[in-house]
């Protein structure tokens, strides 16, 4: 568990000093009842040492911002876009947070606990 | 129904046993021709594709029903087979493919996801393709057995054989 402000430094240390060369994933967990609602989780992998590392940090619903890791890991851009789609996490410094799995015009973030389970937002009008 | 002869009534027979001319009903003749020449366009999106391959392969062989040759352009196809889950994001593509097909055209919902959405009842999936395009035959099952698919094709052939076949219409 780390603070969001430490993320860039720790990730840089992981990459340069400890050879964590693969950025596996960034995702989030929604804890609707807790004051810091979102838990953002980063996964790294080292092909030299075959070890995984998980970094976890908490952000609030009012300001769900963590720094981007795109300058360090190019592949982070796609996963940050997905995380932004599904949970509405903002990645400060990533200026390309277009929808990647969802589509333009989709309102809300479907993996948040308060998204209605069966709420559909059709692109083609239904016939009935 | 495959035992039924060509829906043609002979008028006269010359001594050699060949027909000079035949009389029949236009709808029956055209329907008979069309039901054995279904050119499917497989709109294959998910795991039902495995079952589609099985039913197209030699063990079950949809070629026996004249529905074997997939056309990979919707303009050359007259049977749209939606095989698998269709997401909301794919719905405009499916709608466009359907509109690009020339008349006459039929639509088959292959598998429970295409039929009703199946167990996907969420933000991402279309709850049945009949929400956006008309469907002629539904084949439920997750995935459907090849026998069910063949049964569906035969039922669709019955629909075609018993249907009206307009040679000319208002838009042609």
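Only one of the numbered conditions (1) within 14 Å of chain A (Cβ to nearest Cβ); (2) in contact with a strand residue (DSSP E or B) (Cβ under 8 Å, 6 or more places away or on another chain); (3) surrounded by 15 or more Cβ atoms within 10 Å (Cβ to Cβ) is not met by residue B:113, and that is (1).
Residue A:44 satisfies every condition listed in (1) surrounded by fewer than 16 Cβ atoms within 10 Å (Cβ to Cβ); (2) touching a strand residue (DSSP E or B) at 6+ places or on another chain (Cβ under 7 Å) except (1).
Any residue that is under 18 Å from residue B:78 (Cα atoms) and part of a loop (DSSP other than H, G, I, E, B) - is there at least one of those in segment B:135-146? Among the residues of segment B:135-146, at least one is under 18 Å from residue B:78 (Cα atoms) and part of a loop (DSSP other than H, G, I, E, B), which makes the answer yes. Residue A:113 satisfies every condition listed in (1) within 14 Å of chain B (Cβ to nearest Cβ); (2) in contact (Cβ under 8 Å) with a residue 60 or more places away in the chain; (3) in contact with a helix residue (DSSP H, G or I) (Cβ under 8 Å, 6 or more places away or on another chain) except (3). Among the numbered conditions (1) within 23 Å of residue A:127 (Cβ to Cβ); (2) over 15 Å from the mean Cα position of the chain (by Cα), the only one that residue B:147 does not meet is (1).
A residue that is farther than 28 Å from residue B:167 by Cβ, modelled with pLDDT of 90 or more and facing chain A (nearest Cβ under 10 Å) occurs somewhere in segment B:94-104.
Listed here are the residues, each with its yes/no results for (1) within 17 Å of residue A:128 (Cβ to Cβ); (2) buried (at least 22 other Cβ atoms within 10 Å of the Cβ); (3) out of contact with any helix residue (DSSP H, G or I) (no Cβ under 9 Å at 6 or more places or on another chain).
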{"residue": "B:83", "(1), (2), (3)": "no, yes, no"}
{"residue": "B:95", "(1), (2), (3)": "yes, no, yes"}
{"residue": "B:108", "(1), (2), (3)": "no, yes, no"}
{"residue": "B:118", "(1), (2), (3)": "no, no, no"}
{"residue": "B:125", "(1), (2), (3)": "no, no, no"}
{"residue": "B:129", "(1), (2), (3)": "yes, yes, no"}
{"residue": "B:139", "(1), (2), (3)": "no, yes, no"}
{"residue": "B:142", "(1), (2), (3)": "no, no, no"}
{"residue": "B:146", "(1), (2), (3)": "no, no, no"}
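Considering the conditions (1) without any contact (Cβ under 8 Å) to a residue 40 or more places away in the chain; (2) surrounded by 15 or more Cβ atoms within 10 Å (Cβ to Cβ); (3) assigned to a loop (DSSP other than H, G, I, E, B), residue A:35 is excluded by exactly one of them, (2).
Here residue B:113 qualifies as farther than 28 Å from residue B:32 by Cα and modelled with pLDDT of 90 or more.
Residues of segment A:88-110 being more than 13 Å from every other protein chain (Cβ to nearest Cβ) and in a loop (DSSP other than H, G, I, E, B), which ones? Residues satisfying the conditions are A:88, A:89, A:93, A:94, A:95, A:96, A:97, A:98. The set of residues in segment A:54-69 that are in a loop (DSSP other than H, G, I, E, B) and surrounded by 19 or more Cβ atoms within 10 Å (Cβ to Cβ) comprises A:64, A:68, A:69. Please work out if residue B:150 is more than 23 Å from residue B:51 (Cα to Cα), more than 14 Å from chain A (Cβ to nearest Cβ) and crowded, with 19+ Cβ neighbours inside 10 Å. Spelling it out, it is not the case that residue B:150 is more than 23 Å from residue B:51 (Cα to Cα), more than 14 Å from chain A (Cβ to nearest Cβ) and crowded, with 19+ Cβ neighbours inside 10 Å.
Here residue A:112 passes the criteria (1) out of contact with any strand residue (DSSP E or B) (no Cβ under 7 Å at 6 or more places or on another chain); (2) closer than 27 Å to residue B:131 by Cα; (3) surrounded by fewer than 18 Cβ atoms within 10 Å (Cβ to Cβ) except the one numbered (1). When the criteria are applied in full, residue B:119 meets the requirement of being more than 10 Å from chain A (Cβ to nearest Cβ) and farther than 29 Å from residue B:30 by Cα. Screening A:10, A:2 for residues that are outside any strand (DSSP E or B) and modelled with pLDDT under 90 leaves exactly one candidate, A:2.
The values are calculated or read from the model by the stated rules, or taken from the named source; none is laboratory data. Everything quoted here is computed from the prediction, not taken from an experiment. When we count neighbours, we look across all protein chains shown, and the Cβ atoms used for this are built from the backbone with ideal geometry, even at glycine.
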